Amino acid sequence: MNCYTLLQLNQFIRRFVSLNAPEGIWITAEIGQINQSKGHHYLELIQKAEESDQLLARSQAALWAKSYEQIQAKKKTAIKELLKEGLEVKLKVKIDFHETFGLKLFIEDIDENYTYGKMAIKKTEILNRLKKEKLLDLNKTTHLDPPIKKIAVISSSTAAGYEDFINHLENNVYAYQFKVLLFSTAVQGLGIEQGFLDAFEDISIYDDFDCVAIIRGGGSKIDLAGFDNYEVCKAAAKCKFPVLVGIGHEIDETLLDLVAHSSLKTPTALADCIINLNLAFESQVQNLGLDIQASAKHLIANNRLALNTLLLNIIGDANNYLRSQKDGLDLLLSKIEYMSKQAFMNETKSLKHIEETIKILDIENTLKRGFSITRLNEKAIESAKNLKEGNVLTTTFWDGEIESIVRK
């Protein structure tokens, strides 16, 4: 059995690669990670299973600064937009195998049409799914009722578009006041999906937002690709508040624009939309006030004479009623005086009778009639059973007291 050293094996692999792949070949892969140093780009290329995120293959690739410049010179679009994590790309690579450093792919060209084509196909598939699940117009059924006072904003706290949006709201010429609560998240890159799902979940806890504003300060077609994400669009469609989008695009329309309640081209345009809604509401209120004022004046003018006539009739009727009731009141007063005198006399007699009864029941008068009170220790004796031999008793008569001792 032949036995080779590791160096011999790697030299054999290198010669095999050099003989069988002398020229560059085109491959498709997803960019898993990318780093940049001194103009050079270092990529981790991966391939996942279609039905899951299972990793099927991984290789390292490098795009040297000189090759970058040569490729860019041939392209109409900036290739830096294609060199982003999560994008599927078509690359022309030169296969190199080094005995020490192993397998490496050197990028010689990039097919931008492949990436944009893949994005367009995926966008169409997601659009059809949104239509099939009746999510495309769901958020449009929510009510955007001015005045708009409390706004939930999904954006990056460092995004220029967010700053423009806030400044435009705060410095509006009508001095409208807004309460804005930021739910900060990434607005591009791999983290956009989970960030937006978390933001919408946090917003769902509240009940008093007037709307949700999604803000981003523009970007390329690839930068805005996150807004074509199915889960992001689904969360926006199912939001219980109206979702307003202002992500800074002038030409391309994202799927998030389609599912939102309203879509504006820029963050400042979105701020203007909110301000104008409040302005229209204020104008309606002012016009309604003027209409009410005019109607009130007209009503008062038309009914002033009728009110005066009614007042005179009421005064006349009241005087007639008072005159007609005066005799009855005088008679009633006479009856009240007579009945009061009779009642007074009857009560006087009753009081005299009560007074006489009180005099009869007075203790002094009772004693004069031959009664007496016998006490033991200043307490009246109610029964002989309460006495003992030797007790000293005090007996009270109407004209004096005596003491006695119990013998038996």
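Read-outs throughout are calculated quantities, based only on the coordinates presented, and are distinct from any laboratory measurement. Model, not experiment: these values are computed from the prediction. Counting neighbours? That spans all protein chains shown, and the Cβs are built from the backbone with ideal geometry, glycine included.
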Item to complete: Residues being under 17 Å from Thr28 (Cα atoms), of a type in the set (D, E, K, R) and assigned to a loop (DSSP other than H, G, I, E, B): count how many of those fall in the stretch 42-54.
Response: 2
Worksheet item: Counting only residues that are crowded, with 18+ Cβ neighbours inside 10 Å and not aliphatic (A, V, I, L, M), which one in the stretch 149-171 is nearest to Lys238 (Cα to Cα)?
Response: Ser155
Discussion item. Please go through the stretch 55-102 and give me each residue that is in a helix (DSSP H, G or I) and either closer than 20 Å to Gly117 by Cβ or out of contact with any Phe, Trp or Tyr (no Cβ under 9 Å at 6 or more places or on another chain) (or both), ordered by number.
Written reply: Ala65, Lys66, Tyr68, Glu69, Gln70, Ile71, Gln72, Ala73, Lys74, Ile79, Lys80, Glu81
Worksheet, complete the sentence: Going through the stretch 1-41 in order, the residues found to be of a type in the set (Phe, Trp, Tyr) and not in a helix (DSSP H, G or I) are Tyr4, Trp26
Fill in: Condition check for Asn365: over 30 Å from Thr396 (Cα atoms) and in a helix (DSSP H, G or I)
no
Item to complete: Evaluate the following for Leu82: is it surrounded by 14 or more Cβ atoms within 10 Å (Cβ to Cβ), in contact with a helix residue (DSSP H, G or I) (Cβ under 6 Å, 6 or more places away or on another chain) and in contact (Cβ under 8 Å) with a residue 60 or more places away in the chain?
Response: yes
Worksheet item: Does Ala186 fit the bill of being within 14 Å of the chain's Cα centre (by Cα) and surrounded by 16 or more Cβ atoms within 10 Å (Cβ to Cβ)?
Response: no
Item to complete: Return a yes/no flag: does the stretch 216-224 have any residue that is within 16 Å of the chain's Cα centre (by Cα), within 15 Å of Pro267 (Cα to Cα) and not in a helix (DSSP H, G or I).
Response: no
